[in-house]
Structure formats: C-alpha cells, structure tokens
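The values are calculated or read from the model by the stated rules, or taken from the named source; none is laboratory data. All values reported here derive from a predicted model rather than from experimental measurement. Here Cβ is always computed from backbone atoms with ideal geometry, including for glycine, and neighbour counts include all displayed protein chains. For accessibility, only protein heavy atoms count, side chains too; no ligands or nucleic acids. Shrake-Rupley method; radii C 1.70, N 1.55, O 1.52, S 1.80 Å.
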Amino acid sequence: MNVPVEFYLVLSTLLFFIGVYGFIVRKNLIGILMSIELILNAVNINFVVFNRFLFPEKLEGYMYGLFVIIVAAAETTVAIAIIINVYRNMKNIDVDSIKELKN
Amino acid sequence: MEFLTAYLTANNIIFFILAAIILVFGFLSVTTTKILRAATYLFFVLFAIAGLYLLLSYEFIAAVQLSVYAGGIVVLLVFAILLVKNLGEETEKVSCQKKLVSAIAAISGVVISLVTLFGFGFQNNESADELTANVNMETIGQTLMGVDKYQYLLPFEAASVFLLACIIGSVVVATNLKKEDKK
C-alpha cells in the first residue's frame, strides 16, 4: 500500500512555511538564501508527487522538478557571488546594515 | 486500533521517519543562531528529501538531488560562510516582536493551505502498481532529448546556455575587477 498523497502535500506545506518563517526572521543574507532553498525544495516535492500520483505515464512534473533544481543551483551561485561582493564593499552581510546601492 | 494498523505499513513508517527528519532539521535550520550549523541542518533536510524521491521510486531525480543540492549547493554555502564570517560567529539576536510576526504569518499560511488541501478531497488510486513502477534511464533520456510533445530538448538547451551565463556572471560579480584596476 502506498503513502496517501495528502501526507506528502502536508509535509511540503509545512516545509514551505518553515522556509517562509526563516525568510522573514533571518537577518543574515546567507540565512535568507538557505530559507529560499527550503522553499524551493518544498515546491519540488509537490511537482514530483503530483507527477507520480496524477499523471504517472508522462514525465511532466518530473522534468519540471529537474529544471527547478538546475535553476536553483544557478541562482545560488549568483547570489553567493553577490553576497561576497557585498561583504567586500561593506564588511557586513546583515540586511539591516545594507542601506545604499551605490557608494 | 484498526486505523493504526492500516497506517503502519513499511512505506508509511519510512515516510514518517523521513518527514520527521525533514521537519525537525528544517525548523532547526531556520531557528539556530549559528549560521554554519544552519548549513549542516539544511544538508540533512536535502538528504531526507532525496530519500523521499527514492520512496516514490524516482531514482534519477534522487541522484540529481543528492549530487546537485547535497553535494554542490551546501558545499558552496559552507564556503561562502567561511569566506564571509569568522567561524562560529553568531548572527544577531532577533527581536521577539519580529519572531512573533513571522510566526503568525507562517502559521496563518499553513492553516489556509491545509484547509484548502483537505477541502479538495484527493482520490487515492488503489490500483497502485503504476505508482511504484520505475522510470528507466532510456525513457528519461528520450524525454530530455526529444522534440515531440512531452519532450524537452528546448528547455534542456536553454538550461545549458543559462548555466553558462550564470558561471560568467558570478565570476564577473565576484572578482570585482574595477576596484583592483584603480589600485
């Protein structure tokens, strides 16, 4: 017997809002990035589970999940490059202390 | 009692273990004050999600999850933390008011989503042979490389160009050439 689909969906909902909580509460840029990773993973679980349960003969949700992983990897590299650059210019990566775009 | 035995199958037990790991470490990852520990907890969460994909018998996406997320992104995050902050340095204390506001936002979101989810009434497919069938690599390769309907050559190529652009972009942003020329 399989795990019911609601179990997966409840799990991904909870994980998504854990990510949202972290996104609001964190001050550190890297912490915010980690919360975004949690959110993306929760969404990815949903894509894969819907593909498995609703449409198993084609691979639409599966491929979408794969491309989400690719885009998340690219997004993380660019975000980390920006964070390192911000740290070099301002010696700080807390969102409260980053107030100007141009120096 | 009957309810309990109906839910205690091997699949469900594995699912509950994985779900407990994901939720506990996910929560720890957003609440811990030490940022390096948060990265470690994130690693456990990503690992358990790969286990979830294996439970759905999607091996390839589990492997991709392990190699790209657990192997790549977490290592990148740890490198960034070590480059940016001193080891073990704590993040600033978060005020209670901000925590409260975020918790209210998150909990109200959870309530709304769960009400919608259980109100929808999903029909669970009882003939479950189809749901545990493996997807073999040949199918995945043809789906990625074909140009017909339900085949994804164009997104695949777009993803390669996109990754190249991201590599160049992050190198340009991180090296900060202008400043060093002036010096």
**Cβ neighbours within 10 Å from other chains - mean over B:30-41** = 3
**Request:** Starting from the Cα of residue B:33, step 7 Å along the direction of its Cβ; do the same at residue B:17; then give the gap between the two resulting points in nm.
**Result:** 3.4
**Item:** Protein accessible area in chain A, 1.4 Å probe - carbon and sulfur %
**Value:** 65
**Request:** Sort largest first and round to whole Å: the equivalent ellipsoid semi-axes of chain A, each the square root of five times a Cα gyration tensor eigenvalue.
**Result:** 35, 16, 7
**Item:** Cut-off 14 Å between beta-carbons: net charge of the residues surrounding residue A:60, Lys and Arg +1, Asp and Glu -1
**Value:** +1
**Fill in**
Rounded to the nearest 500, the 222 nm mean residue ellipticity computed for chain A from DSSP H runs (n ≥ 4, each -39500 (n - 2.57)) alone is -27000 deg cm²/dmol
**Complete:** In segment B:136-175 the accessible area split gives carbon plus sulfur, as whole percent at 1.4 Å, a share of 75
**Message:** Checking an interface number: how much accessible area is buried between B and A, summed over both chains, with a 1.4 Å probe, in Å² rounded to 100?
**Reply:** 7500
**Request:** Identify, among B:40, A:25, B:167, the residue whose Cα sits farthest towards the positive end of the charge dipole of the protein assembly as shown, taking +1 on the Cβ of Lys and Arg and -1 on the Cβ of Asp and Glu, with the dipole about the Cα centre.
**Result:** A:25
**Asked** Ranked highest first by average number of other Cβ atoms within 10 Å, how do B:110-121, B:72-83 line up?
**Response** B:72-83, B:110-121
**Prompt:** Taking a ≥ b ≥ c as the square roots of the eigenvalues of the Cα gyration tensor of the protein assembly as shown, is the shape rounded (a/c under 1.5), prolate (a/b larger than b/c) or oblate?
**Reply:** oblate
**segment A:63-70 - phi-based ³J(HN,Hα) in whole Hz, Karplus 6.51/-1.76/1.60, Gly and Pro as x** = 5, 4, x, 4, 6, 4, 4, 4
**Request:** Enter the mean number of other protein chain beta carbons within 10 Å of the beta carbon of each residue in B:141-153, as an integer.
**Result:** 2
**Item:** Average partner coverage of A:63-73, which counts Cβ from other chains inside 10 Å
**Value:** 6
